[in-house]
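Student: Structure incoming, see below.
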Amino acid sequence: QGTRDHPPAQAALRERLLAAVVSCFKRHGAAAIDTPALELRETLMGKYGEEKKLIYELQDQGGELLALRYDL
C-alpha cells in the first residue's frame, strides 16, 4: 500500500522513457494538459455523478473534504 520511492537509476530510466513518449505524442499533434490529482469532493461529485463509487475520498488537515481523481 502507499507509494514507493524510485532509486536514481530507475528514476533516470523512467524520465528517459517518458521523454520518448512525450516526444512521439508531440510529433503527432498531441497537446499537454495539466490537471490536479486532488480536487474538492463536491466538485468531483458534480463531474462524475454515477461514477462516484470510483472516487477515493479523504480529508485534509483543516477538515476540507477532498477526493482523488480516479481517471488520472
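Student: Using a 1.4 Å probe over the heavy atoms of the protein chains, calculate the carbon and sulfur portion of the accessible area of the chain as a whole percent.
Tutor: 54
Student: Only Cα pairs within less than 10 Å get springs; with that Gaussian network setup on the chain, which residue of L44, L13, L58 has the largest fluctuation?
Tutor: With Cα springs under 10 Å in the chain, the top fluctuation among L44, L13, L58 is at L13.
Student: Per the helix-only calculation at 222 nm, which mean residue ellipticity applies to the chain, given -39500 (n - 2.57) for every DSSP H run of n ≥ 4 and division by its residues, nearest 500 deg cm²/dmol?
Tutor: Estimated from H runs of four or more residues: -12500 deg cm²/dmol.
Student: Could you work out the relative contact order of the stretch 8-68, using alpha carbon pairs under 8 angstrom and six or more residues apart, expressed as a whole percent?
Tutor: 28
Student: Considering only protein heavy atoms, what per residue accessible area in square angstrom results for the chain with a 1.4 angstrom probe?
Tutor: 89
Student: What distance in nm separates the two pseudo spin-label positions at E42 and S23, each 7 Å out from Cα along the beta-carbon direction?
Tutor: Rounded to a tenth, the inter-label distance reads 4.7 nm.
Student: If you don't mind, another one. Which angle between 0 and 90 degrees, to the nearest 10, do you get for helix 8-27 versus the longest principal axis of the chain when only C-alpha atoms count?
Tutor: Approximately 90 degrees, to the nearest ten.
Student: Going toward the positive end of the dipole of the chain, with +1 on Lys and Arg Cβ and -1 on Asp and Glu Cβ, which of T3, I55, L66 do you reach last?
Tutor: T3
Student: Also: What whole-number volume per residue, in cubic angstrom, does the convex hull of the C-alpha atoms of the chain give?
Tutor: 139
The values are calculated or read from the model by the stated rules, or taken from the named source; none is laboratory data. Because the structure is predicted, anything quoted here is derived from the model rather than measured. Glycine gets a Cβ as well: all are built from the backbone with ideal geometry, and neighbour counts include every protein chain shown. To get the accessible areas, we keep the full protein, side chains included, count just its heavy atoms, and leave off ligands, DNA and RNA. Shrake-Rupley method; radii C 1.70, N 1.55, O 1.52, S 1.80 Å.
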